[in-house]
Each structure stands twice: as structure tokens, then as C-alpha cells.
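**Student:** Can you read through this structure? Questions will come right after.
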Amino acid sequence: MRALLLLAVLIPALATAQTPGTCALGTAEATLSTADLSATLFTTGALFFGNTTLNGDGYEVPAGSGHSPIFSASLWLGGRIGGEIRAAGAQYTRFQFWPGPLGAGAALPDPADCTTYDRIWLVSPADVAAYEAGGPATTDLRQWPVGLGAPAVDAQGKPVPAVNPDQRIDLPGGERPVLGGGPTAFWVMNDVGNARFDAGEQPLGVEVRVLAFAPAAGPLAFRQATFYRITAVNRTSAPITDFNLGVFADTDLGNGADDYVGTDTTRGMAFAYNADDDDEGGYGTPPPAFGLDVLSGLYAAPRINKGASAPTEEPHTAAAHYARLRGLFNDGTPMREFGLGYMQTQGAETRFSFTGDPTTRAFWSMPNPENGPLGLNKGDQRLAVSGPPVTLAPGASATLDVGMLFAQGADRLASVRVLRQVSSEVQGAYDAGTLFTGQVATGTVAAPTLVAPAENASFYETPVTFSWDAVPGADSYVLEYSLDAGFSSIDLEPAAGTSVTVPASRFAPNRTEAQFWRVRSVRAGIQGPPSAARAVRIYRYAPDVLRLASGARAYVETTAPGGAPACDGPVDPDEGCAEVGGDTVFESANSTGVYRLINTFGGGDSPGAFGPHTFEIRFTARGSYAFSASGNSLRALFRVPFEVWDIGTVPPGTPDEAADDVQLVPGVSLISLAPFSCTFDFDVADSLLTPRIAAYYPTDNDYAAFAAIAAPIVTAAPNGCAYDGIPAAARAHLDVARGLPLTGFRFERIGPLAVGDLAGTTVRFYTVPRAVGTESVPVADGVLRLGAPFPNPVRGSLTVPVSLDTSGRLRVVDILGRTVLEQPLDAGARDVRLDTQRLAPGVYALVLDAGAARATRTVTVVR
């Protein structure tokens, strides 16, 4: 009896086991090539990577650019047979699919030789047109494999059914292949052709058919995309439960070392984008974005780390591949919306990596992985996407339709927004049934008529609402805005109705010149012609370093050594003099050719974060008291031959008003080699050891209080070097929490120079000045205007631009509604100065009243 039970158990198990063949890997390849892209295909389960195409050059867009948004992609699938997990997942050179179909019981036509089917059939609309014009049919057109599942229609437009695997298209009888509006490829694979995986797991016994195409007509968004219909057929005699189809992608976006990834669950798309605005060594600037768009429905989209050992890295077993298809880590651990998602104790469970909107730095995104200020490190990213799980009965099939999308906007985040619009348009064509048939939506859709804002309207630090008239037949609309009237680079905002409000953060910062906008109507995913364009002025301030027209930082010498004029010096071309009234010294020789300013920490952009304030280093006979630091530890007090100043908001060409200048406390690192001394000098053996200058604000902006403590200590110290003896009182006068407006700067000697020779030299660090804008409120007999206050946040004196046609008053109101400052105003336009020193830190409202009219803004007071 025991033997009979054992036999009963073994029979169904043996019926579902597949015996791998001994086929060699396929070597066939084909390329989807259009004027806009090139994509190489293989019969190994891989895309864009195989044979001799192993250098990330298998997918090129735009065509001829030499750049690729994706290094490699491949097919993944997995499910359960009798409760046992089985999977197949091609990955780089670990190919796990072989050419050809499967017969009943998942049998190979020839277990030892799959070369008969090692082929990719490639046909273009031009091939069909040439045949219909009387020319010969190409081999692939003539042999289009209808019997293997390649789509075709008869003379009446009805689908041609597959009768047997050897069936070919009947061209003379009127049958035609179904093409995707451009070169279209078809091939068949299976997961039984040979042994797979490191552990040698059993195959699933599925036949995989792939239809791939690149549209050669239509909008550029379509022409820079490729599309894939992946169909898996269960050829075993047992059902496959919880079956998932998916695609793995190593999304090296040009230079793959500086990428971020995310998931847009509303569009069913995983995407990659640059972590900064320069894809160095790749696409350059502006960098594009790339999307893996599951048009048939997204189930999971996990991010995968580079590597092959940790649970967060690339899978190498059937169970690990299957876990990824289910949105889990390799060890079955679920993702959570926090940090990198692995082994987190907080955050909701999810199947999708980084679903927050990166364009607004929303949580949970790679720029904001923990709902805080710091983002994740940029790097080489991988993604997987999968469709919903299904049960495949014997002979049943599942299909995954995927688009690989490309978009390029005015900057990296604009590229993400354009990519989302591309996804919406592609999904519209897919839902309308035109995408995979190559059909173009019939009829035309008119351009909208613009309503608001009016020509040359101005907006300052506020959202902008664009509106237009409805167009009959339009499904939706697309707002386009650009920095130039020719729309050479375009940012997009999709709109379901006839208006869309765009936050100020979406627009280019610090721009006072006109921008331009227009609108297109959309029907069935296809855009109509653009409306007439309008100019609009949109100002959004962002603290940054001021740059000259050449792109050089506006760090300039305003007076030369000895106090002489810096411009018209005897050595260099005086770059910067005409634009900002000073001679450029950052990484450039000064007016006498004896020094230049560089930044040891790279970049030199620390003053930019403190804009619109301007800073100066002044070499004077008096000098100032400074500290030396090692890490976060203060190590010495001594005197240096220069002073550091915050001179307030001083736009180029505007004289400095000394009343609002704040003297800072210099910090000097690496002030000498052993034995320790407190000498600020350039005379060291290695210029890299030249002292580096930083600066802190003194507490309460009171440098004199710091100096009063430092002076007797330095005077009493041997050689004026108070080493390892800094009292807590001196430390307390450094406003460390406020940050370092200058850090890492050093003066590098490039000619005969001694420290004393620099006396009289002033180096000014310009940041972007804040434009003064207004918001307007109509009144009975004129206009009430309340401009943007600056600086904002503010520590001391606040400037508020106002204009009234009647008398009124300006008030500062706290969060409890109490008026804490008030100033009556006569009619006219002026800048009102308010002293906020006595106000507690917090957010206040500025309220300007004139008669029945009122305008308000907010200001933040900090200490």
C-alpha cells in the first residue's frame, strides 16, 4: 500500500517537471532603427545587450548622439507549479531563454538544437509599401511567422488565426502583418532550452513571444520611444499560479553614476532621472529622463542595488527573481516607504520604490527618502517592473505591454515632468487601441485660444494660473512654456480642463526677462498644433552665486593690493569689470597677476546659499581676530591680516551702505605645519597647504563682543597664538547654527607675493540680487501695491516696497493676530524699512491697508 501511495505522489510531480535541453544560446539579433533611435534585440531574453553589444551602446536616443538612456534590459517571469517557485530571468550575460516555441508538455522541437528558430523577423511599413507597389517582398515579410503568433490581418482587416507553427503570411491572398507604425520585430523564446540559474532550478515550461516596434511617425515623444508586447504561454500540463511577467532594466542614463529613480503609480511607470543638472560624460545639460511604462497595468516596481550578494542587490536564484517580481527584496522582506526601503521599522509597506514626486522633493523620493532635508547619494541604479499576478491554465497566456520612453526638458526635473506628459499621451493612444496597430487618430483637433494671463503680465513669487478656451473634440490639453520665443526647450504641464495652475517653483529662478507660453489640444494621445504664444514675466528668487555672462562666478577684486583700482590692471583682461565693476579672481589671475582665489572644497558656491547678501574679504592693517578649527573643535585664537564682512544686499553697480554691514568672525584651517604657530602666510612648501578661509556670523551680529573676549587672550599668548585655550565664552559668540557663508577659500600665490603686499585688497563675493516685485489690489481711485520683502528670512532690518495712491498703514502681525509693528504711510511709492531685532523668531504677516483695500505677504524672522 505504501508503494502505491508513493507512486501516486510521484506521478503528478513528474508530469509537471520539465527536462531542460542542451541547446546553445541564440545568436540572432536585429535592430529597430529609425531617424530618432536605434535599439538592438536578441533571442536570449535580453534587450540591447548581447553578442558584441556589451558596452551600453545597444540603445541610442537620439539617433546619432552616441548616448544611451539604458545599459541593458531583460525579461523576467516567475510563478508556482504545485507550490514550487520557478522563474527565469535574463540578466547581462546570464541569459536564461533559448530560441523557439514549445510543444505539448513543454517539449522542445529538438532538445539538442534550437537554431532552427534562432531568428528575429523584422518588417517595416516601407517594406509593405514597396511590395504593394509591385516590388519583391523582403525575406522577413514573406516569411512573417503567423503560426508562431506574429500578428497579421486578412484582406478584410480581420486577425489571421494561427493554425500550425510552420504557417507563414499569405501576401498574395491579401494578408498583411500588423506593424506598430515603424520597424516591427517578432521572435519566440522558451525557458526549457538548457539548464538555468546557479542552483539549477526547474524551468517553468513557458513559451515567450515578443513583438517590438519603434514608431517612425507621429509626435517626437512617440518617435523617441520603443514598445514591447511580451506574451507568455503555459505549455505545461499543470496550471501556473501567481504568475508574473516583468522587465529588468539597468538604467544608465548617459553617465550611469549620477542617477536617481522613482515610480509614478498613477501612470504605471518606473523612471530614471539625473540627480543633478549636468550628466557629465553623458548627455550633458540638460539631462533627459527615461521611463519604463507598463501600459497594461503595473503591479510592482522595486529599485535594485548594484551588486550580486545582498538581499537589496541583483537576484541570482529563482526565489529571488520571483520575490522581485512581487515587489519584495530578494529574501522576501517587504519594502517600506522610508530610507532605501529595506529592513525599515517605519513607513507603510509598498511594492513600488520611491513614489514621491521628485520635482517637488516630496516624500518618499530619492531627493527626500526620510521626509527630511537630505537626499540619497546619486549612483548606478537598476529597476524592475511587473504586471499583475495571474493563474495560467495549460495553454493559457499572459501579456505585458511595455513602453520605453525618453524625454528632455529645460533641466533634470523638467525632464521628469515632460516624461510624465509623454506617458499620458502614450497611454491615451494605447487605451484608444491605436498604439500597437500603428494607426494614427483620424481627424484634426484645433489649437486653443488663450485667455489669461494677458500679454506681458508679471508675477512675483506666486503661482501662475494659465487658462484658455475649450476646443471641441479635445480629450485634454498640454501647456508648454519656454525661456525663448522659439520654444527651443520646452517644459510641459498636462491639464484635464481649460486651466492649470503652475507653482512658482516650476519656473526658472532669478529671471526677469520674458518667458513664453502656449497650449496644445490632445485627442487620443495625439497633440494638435500649438496656439499662438504669449510673453509672461515670472520672477522666482532662489539664493545662488551671481555669474558673469561667461559663466564665471562673480567673485571679484574691487580694489587691488595697495588699494589701487582693480580694473584696467596690467596683467589680465579684467573680466568682470564691465559687468560688476570688479576684476574676476576666482580661478583667474588678479589685476596684478600675483594671486588667484580658489576653493579647496570644490565648487566655491557657499556664499550662494546666503543670497541676496554680498560678502567681502578685506585685507587691512587692523585685521581681525580669528579662530583655527580642526573638524568641529576650535583650536586657537589669533589675529589675521584681513576682515570678513556681510555687506547686505548690494547689487552690482550699487554702492555699499555701510550702516547694514555685519563683520564676521574668520576661521582659518591648516594655518601652518608643525611646530604649531598662528601665522597666516602663503610661504609654505606646498600651495595645497595654504591657509583656507571660512567665516561664521557672530552671535547677535556682534563681532565687537567676540573681539572683546579674544583680544586679551591673544595679547597674553606667546607670539599672539592662543593654542588650545579657547574659553567657552568665545565659542558662544559663534553662531554655528547659522552656517558658513564662506568656507574653504584660499589665496593661491602665482607671482611674487607676501601677505603684507595684500593690504588694501578687497575681494567681493556677489550673490544673485533679489528683484523687487509687487502684487496689486485695485482700489476705488488707484492701486495699492505691496512688494516682496527682503531679505526674507530676516534677522535685522527689513525692506518692504510699497506704493499707495491714498494714505494707509503697514503693519506686522504675529500668528495670534496682534499688531507688533505699525507704520503710517502717505500716498506714493517708497521702500519702507522695518527693524525686526526686537521680534521673536517666527512667521509674521505684513498687512498693507489703504481705505477698503488690503494686500498681505508673509515674512520669517530668524535669529
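The values are calculated or read from the model by the stated rules, or taken from the named source; none is laboratory data. Given the structure is predicted, the values throughout are model-derived calculations rather than measurements. Positions of Cβ are backbone-derived with ideal geometry, glycine not excepted, and every protein chain shown enters the neighbour counts. In case anyone asks, the SASA skips ligands and DNA or RNA and just uses the protein heavy atoms, side chains included. Shrake-Rupley method; radii C 1.70, N 1.55, O 1.52, S 1.80 Å.
**Student:** Within region 850-863, can you find the residues that are of a type in the set (D, E, K, R) and closer than 16 Å to A788 by Cα? Reasoning before the result, please.
**Tutor:** Step one: of region 850-863, the residues of a type in the set (D, E, K, R) are 854, 857, 863.
Once the filter is applied, which keeps residues that are of a type in the set (D, E, K, R) and closer than 16 Å to A788 by Cα, region 850-863 yields R854, R857.
**Student:** Further question on the same structure: Among the residues of region 56-78, write down those that are under 22 Å from V210 (Cα atoms) and free of Cβ contacts under 8 Å to residues at least 12 places away in the same chain.
**Tutor:** Selection gives D57 alone.
**Student:** Mind checking which residues of region 280-295 are of a type in the set (D, E) and at pLDDT 95 or above? Step through it out loud before you land on a result.
**Tutor:** Kept after step one, since they are of a type in the set (D, E), are these residues of region 280-295: 280, 293.
Within region 280-295, just D293 meets the criteria.
**Student:** For region 813-849: of the residues being among the small types (G, A, S) and within 18 Å of L784 (Cβ to Cβ), which is farthest from the chain's Cα centre (by Cα)?
**Tutor:** From region 813-849, those among the small types (G, A, S) are 817, 827-829, 840, 842, 845; that's our starting set.
In the following step, the residues that additionally are within 18 Å of L784 (Cβ to Cβ) were identified as 827-829, 845.
On the way: A827: 48, G828: 46, A829: 42, A845: 34 Å.
Filtering region 813-849 for residues that are among the small types (G, A, S) and within 18 Å of L784 (Cβ to Cβ), the one farthest from the chain's Cα centre (by Cα) comes out as A827.
**Student:** Just for strands (runs of 3 or more DSSP E) wholly inside region 570-647: which have at least 1 residues that are among the hydroxyl-bearing types (S, T, Y), modelled with pLDDT under 85 and open to solvent by 10 Å² or more (accessible area, probe 1.4 Å)? If you could, list the steps in order and put the result at the bottom.
**Tutor:** Working: elements: 595-599, 615-630, 633-646.
Qualifying strands (runs of 3 or more DSSP E): 615-630, 633-646.
**Student:** If only one of D110, D140, D127 is over 30 Å from A301 (Cα atoms), among the acidic types (D, E), open to solvent by 20 Å² or more (accessible area, probe 1.4 Å) and touching a strand residue (DSSP E or B) at 6+ places or on another chain (Cβ under 6 Å), which one is it? Let's see the steps before the verdict.
**Tutor:** Numbers: D110 fails: touching a strand residue (DSSP E or B) at 6+ places or on another chain (Cβ under 6 Å); D127 fails: touching a strand residue (DSSP E or B) at 6+ places or on another chain (Cβ under 6 Å).
None of the others qualify; the one that does is D140.
**Student:** If you take the residues of region 147-168 that are under 46 Å from the mean Cα position of the chain (by Cα) and farther than 30 Å from A87 by Cβ, which of them is most open to solvent (accessible area, probe 1.4 Å)? Break it down stepwise before answering.
**Tutor:** Step one: list which residues in region 147-168 are under 46 Å from the mean Cα position of the chain (by Cα), which gives 147-153, 157-162.
Now drop any that are not farther than 30 Å from A87 by Cβ, which leaves 152-153, 157-161.
Working: A152: 6, V153: 40, G157: 49, K158: 127, P159: 107, V160: 26, P161: 92 Å².
For region 147-168, the residue satisfying everything is K158.
**Student:** Can I ask one more? Applying the selection to region 397-421, what residues are closer than 28 Å to S74 by Cβ and open to solvent by 10 Å² or more (accessible area, probe 1.4 Å)?
**Tutor:** S397, A398, T399, Q408, R412, V418, R420
**Student:** Let me ask something additional. Quick check on F338: is it open to solvent by 10 Å² or more (accessible area, probe 1.4 Å), in a loop (DSSP other than H, G, I, E, B) and not β-branched (V, I, T)? Steps first, please.
**Tutor:** Values: open to solvent by 10 Å² or more (accessible area, probe 1.4 Å): yes; in a loop (DSSP other than H, G, I, E, B): yes; not β-branched (V, I, T): yes.
Here the answer is yes, as F338 does meet what is asked.
**Student:** If we scan region 270-287, do we find a residue that is within 22 Å of T399 (Cα to Cα) and surrounded by 16 or more Cβ atoms within 10 Å (Cβ to Cβ)?
**Tutor:** Filtering region 270-287 for residues within 22 Å of T399 (Cα to Cα) gives 270-271.
Okay, now just the ones that are also surrounded by 16 or more Cβ atoms within 10 Å (Cβ to Cβ), so 270-271.
Yes; the residues of region 270-287 include at least one that is within 22 Å of T399 (Cα to Cα) and surrounded by 16 or more Cβ atoms within 10 Å (Cβ to Cβ).
**Student:** While we're on this one: Does any residue of region 296-315 turn out to be modelled with pLDDT of 95 or more, of a type in the set (S, T, N, Q) and under 26 Å from the mean Cα position of the chain (by Cα)?
**Tutor:** yes
**Student:** Sort out which residues of region 531-558 are assigned to a strand (DSSP E or B) and either surrounded by fewer than 20 Cβ atoms within 10 Å (Cβ to Cβ) or in contact with a Leu (Cβ under 7 Å, 6 or more places away or on another chain) (or both), and write them in order of number. Break it down stepwise before answering.
**Tutor:** Let us first name the residues in region 531-558 that are assigned to a strand (DSSP E or B), namely 534-539, 545, 547, 553, 555-558.
Matches in region 531-558: R534, A535, R537, R547, Y555.
**Student:** Within region 232-247, is there a residue that is within 16 Å of F95 (Cα to Cα), of a type in the set (G, A, S), open to solvent by 10 Å² or more (accessible area, probe 1.4 Å) and in contact (Cβ under 8 Å) with a residue 40 or more places away in the chain?
**Tutor:** First pass over region 232-247, keeping only residues within 16 Å of F95 (Cα to Cα): 246-247.
Now restrict to residues that are of a type in the set (G, A, S): 246.
The next check asks that each one be open to solvent by 10 Å² or more (accessible area, probe 1.4 Å); those that pass are none.
No, because not a single residue in region 232-247 is within 16 Å of F95 (Cα to Cα), of a type in the set (G, A, S), open to solvent by 10 Å² or more (accessible area, probe 1.4 Å) and in contact (Cβ under 8 Å) with a residue 40 or more places away in the chain.
**Student:** I'd like the full set of residues that are over 23 Å from Q91 (Cα atoms) and among the basic types (K, R), limited to region 311-370.
**Tutor:** Listed by number, the residues that qualify are R336, R361.
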